[in-house]
């Protein structure tokens, strides 16, 4: 032993230590990869570690939400009979009273529809940029909602429940799959520059899941606060303070292990420290070339379009840096003037949508194009959502449309999705879901399936029940799977 120690030089010792540390680092990386694999046969699925029930077709989600109930028959679903019978009463519902009162006659879309792509999908002429992507989109034209009110409607589409207090889809995915990044949040919500959607933060809430699964809200116009070290504090002092604080927090949390809010607060602060380096870089668009800014329209003279374009660009930068779920909003909650800040066009649909559609069209299409050219669309699932549809009739005494929860459109594209297809349809006038009526539970059952998750097995025990994103409903719609 003495001879061995005598021969063990300082140089050899340091060399062996370096090799050992490399091995530790490698085992950590391999361990991380192992946690992201499917469980072995007979192994129990464990949430939060990237493990899936099925072979995943996508690993991240971009959900685009247009609050205010964007009209399906003015954007995505062409209705020739609506054009033919424009100005006539809606057959069988001549005196129908909807959300804001009695309805007038049928009203055709103010804009023509044009065929797009190889599929020939008819789409509004007001969406020329989005028309270039129709061959990659699976449209759900037979959607139905349980409510005709904006706040509950937004919460319903985001959480599968029309009342607040339930986890959003992003929170469920955060809980099930965990993070793809050590330095950025798992789940980010990007509110529009015009404000939050109806019911605000309930749309990206963790509900009864541990608080760490709620979204971090940030936007190009609203950077994460308090990231910079205060003046007069050195980096060494900052690091030492964080280390001491971490040990104190751990001891405090261990004595209160049932308080998930406390644990989430600690993890949020720790993440904030990590984001001091990463978050500013994510939201620094100066590194993006001019052609990308032109693509997204961030240089537009329309300030609202430019702001939404920057949020679209932020979405791509977050996704490519490992954020698992991005919730991107285009418009906000209702204002004192219907249709001014969102898609709620009760009185002046043409004027309102001529304001909203150019804001939405180019930046959204640019985001999809950018994901494609970076080969990210292969493992990214993109969802377009709104809370419900609109009536095919004029709201009495107006040239707008009232709320319609009985038929509307959502769509998805990307990894695992069969493009150029339309599943379901409303009737000839767009009034009610008639062919393959679809619930938000079936929509999310399909989303979870694409991500490798069984909607029946993804649950959380709460108040005596095993709660799910799809409630007690759902089935996978295989017609839209690639």
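Values quoted throughout were computed directly from the atomic coordinates according to the rules given, and no laboratory measurement underlies them. Note that the structure is predicted; figures quoted are calculated from it, not measured. Methodologically, a virtual Cβ is constructed for each residue, glycine included, from the backbone with ideal geometry; neighbour enumeration extends over all protein chains shown.
Axis of helix 349-373 versus longest Cα principal axis of the chain: the two differ by about 40°, to the nearest ten degrees.
For the pair residue 287 and residue 378, label points projected 7 Å from Cα toward Cβ lie 2.3 nm apart.
Between residue 254 and residue 146, the FRET efficiency estimated from the beta carbon spacing at R0 = 56 angstrom works out to 0.85. The stretch 336-408 and the stretch 168-228 have Cα centres lying 22 Å from one another.
Counting 0.36 nm for each residue step from residue 475 to residue 132 and taking away their Cα separation leaves a gain of 120.5 nm.
From its DSSP helices (H runs of at least four residues, each -39,500 (n - 2.57)), the chain gives a residue-normalised ellipticity at 222 nm of -11000 deg cm²/dmol. From most to least packed by mean Cβ count within 10 Å, the peptides 139-147, 160-168 give 139-147, 160-168.
For the chain, take the longest principal axis of its alpha carbons; what is the angle in degrees between that and the long axis of helix 303-320, to the nearest 10 within 0 to 90? Once rounded, the angle reads 40 degrees.
Counted by neighbouring Cβ atoms within 10 Å, the residues 66, 330 run from fewest to most as 66, 330. Note on residue 399 and residue 163: with the Förster distance fixed at 30 Å, the Cβ-Cβ geometry gives a FRET efficiency of about 0.30. With neighbours defined as other Cβ atoms within 10 Å of a residue's Cβ, the residues 55, 305, 88 order from fewest to most as 55, 88, 305. Note on residue 238 and residue 457: the extension gain reaches 74.5 nm, defined as 0.36 nm multiplied by sequence separation minus the Cα-Cα distance. Each of 347, 102, 121 was scored by other Cβ atoms within 10 Å of its Cβ. Arranged with the fewest first, they read 102, 347, 121. Once C-alpha pairs closer than 8 Å and six or more residues apart are averaged by separation and normalised to the residue number of the chain, the relative contact order reads 27 percent. Taking 7 Å steps out from each Cα toward its Cβ at residue 229 and residue 466 produces label points 5.0 nm apart. Computed from Cα positions, the angle between helix 440-450 and the longest principal axis of the chain comes to roughly 40 degrees.
If you take the Cα centroid of the stretch 39-116 and the Cα centroid of the stretch 232-252, the two points sit 49 Å apart.
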